[in-house]
1. Percent of Cα-Cα pairs more than 23 Å apart in segment A:111-236, please.
2. For chain B, what is the accessible area per residue in Å², given a 1.4 Å probe and the full set of protein chains?
3. Any chance you could list the semi-axes, whole Å, largest first, of the equivalent ellipsoid that the Cα gyration tensor gives for segment B:104-156, using √(5λ)?
4. Just to confirm a number: summing +1 for Lys and Arg and -1 for Asp and Glu over residues other than residue B:80 whose beta-carbon lies under 15 angstrom from that of residue B:80, what do you get?
5. Please list, or write none, the lysines whose alpha carbon is within less than 23 Å of the alpha carbon of residue B:141, excluding same-chain residues fewer than 8 places away.
6. Once you charge only the Cβ atoms, +1 for Lys and Arg and -1 for Asp and Glu, what is the size of the charge dipole of chain A about its Cα centre, to the nearest 20 debye?
7. Which residue, B:173, B:210, B:96, has the largest displacement toward the positive end of the dipole of chain B when charges sit on each Cβ (Lys, Arg +1; Asp, Glu -1)?
8. Which order do B:148, A:65 take when ranked by solvent-accessible area (1.4 Å probe, heavy atoms of all protein chains), largest first?
2 protein chains.
Amino acid sequence: MRLGMPETDFPGVRNLEIFSDMDEENFQSLMRGSYVQNFPPQIDLITEGDPSDFLHIVLSGSVDLFASWSGRDSSLATVRPVATFILAATIKDAPYLMSARTLEKSRIALIPSQDVRAIFDRDSNFARAIVTELSQSYRRKVKAMKDLKLRTSLERLANYLLREQGRSGGDPSFDLPFGKARLASLLGMTPENLSRAFKNLQAYGVTAAGNRITINDQADLEDFARPSPLIDDDRI
Amino acid sequence: MRLGMPETDFPGVRNLEIFSDMDEENFQSLMRGSYVQNFPPQIDLITEGDPSDFLHIVLSGSVDLFASWSGRDSSLATVRPVATFILAATIKDAPYLMSARTLEKSRIALIPSQDVRAIFDRDSNFARAIVTELSQSYRRKVKAMKDLKLRTSLERLANYLLREQGRSGGDPSFDLPFGKARLASLLGMTPENLSRAFKNLQAYGVTAAGNRITINDQADLEDFARPSPLIDDDRI
DNA sequence: CGCAGACTTGAATCTCCTCAAGCTTGGTGG
DNA sequence: CCACCAAGCTTGAGGAGATTCAAGTCTGCG
């Protein structure tokens, strides 16, 4: 759906943190060329190497960012509402470095990159929001890098489960948000190895029945995983 | 040295891309609380977890960014002139995620983080420069992530050598910019494994004599390494 | 010359990957 | 209602790659 004038047409968009402080007129300019669209699961949204014509914002659902090289590919991140992706490519007017596909039914806003760059220069509140979002993305990547280089695959899985538990409310039982093949790729291992890793975590009180995970002994798992705010805390 | 008024005191700073388009008055405000300092090699500049009081800019020399967890540590990046580091922490007023130490004798500018944040809101040219630098940092991290997750250690070394060759002017022979122990950590392997990797690259015409590397058969090495602009090109 | 630090080599071990087969689950059609 | 199928996951065996520990070599500097 093409976005029109009245604010009431897209209240969910106007209230996003990235737009909330910006001038109404600038917001309208941004929206004039923008779309909000619903996508089914497993749809390719962008392909690495393509020019970055649109800034994407995930309003609902979730998106997988992945990359390929020499016949291999790997999941690099999951984008959940409400967050942008390929913001850096938009700002630099450079090609995408990652491909993106929907993981589930998702609602996504598409904003022309050239408009984002133009309004950035005119609206300092928008500029501030952009730079905050970009800083957050950067820090997430640094954390992912530390996770990958400093931990074994078993430690990565243990800490992933603790983070996912926190995200889902903190109960001992929760569901994995996607299949184990993708989780394996995200954690930098093969599906077979992930399977064995789950088995190894049973020694620390972790039970996996299908996608349902139960952490039977929180202290025991945390003692093994040694989560650190400088790697695992999404808020800082 | 504390930076004073006259522009002639620090022409090297004023002409940095990040400052070059900004208003003179704002530049002066920024410089009022800033320092430029020379450090010897192997000096700890910042420690992960500390509050981000100063934005750092490497004017000459080079700086190692690294991180620790559970008794292990790993090099995550090298900062060369002219570039900032810990920009994201400065913007978000959040703790450093990485530690930093000088690799060689280095000249570094220290700018109070709160001033950076304040001037960002007042000077849109400065804001644009900041956001460009931040985008570049983000994209570098994405490339590093792809390098790490999609390539074997031998492929990472081969591509590293090709990049380093390009950076040093393109000649078949060039020097590694630091010791092999740190290179191993940067590439995500042990020093022993790096040693063996160099030996394996001899099959593709690579000779290593101390820190001096010679690529005897460019085409052969590139054929093995398969460098990709979306991972190895620093400019995009 | 001799020492200290950096790098290399070797052997044993461990982790992770590949390939192949088996199992489980959910959906479909008889 | 159940047999069947396909997809996703698990298990096992074997092998490739990385790590560790220990010893040896090289190099620059005093």
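The values are calculated or read from the model by the stated rules, or taken from the named source; none is laboratory data. These figures come from a predicted structure and were not determined experimentally. Note that each Cβ is placed from the backbone with ideal geometry, even for glycine, and that neighbours are counted across all protein chains shown. In case anyone asks, the SASA skips ligands and DNA or RNA and just uses the protein heavy atoms, side chains included. Shrake-Rupley method; radii C 1.70, N 1.55, O 1.52, S 1.80 Å.
1. Details: 3222 of 7875 pairs.
Tail of P(r) above 23 Å: 41 percent of Cα pairs.
2. Values: 10090 Å² over 236 residues.
Heavy-atom SASA per residue in chain B reads 43 Å².
3. Working through the eigenvalues yields semi-axes of 32, 17, 8 Å.
4. Details: positive: B:101, B:105, B:107, B:140, B:163, B:167, B:182, B:235; negative: B:17, B:64, B:104, B:133, B:164, B:175, B:234.
Here the count lands on +1.
5. The qualifying lysines are A:92, A:141, A:143, A:146, A:149, B:92, B:149, B:180.
6. 680 debye
7. Ranked along the dipole, the leading option is B:210.
8. B:148, A:65
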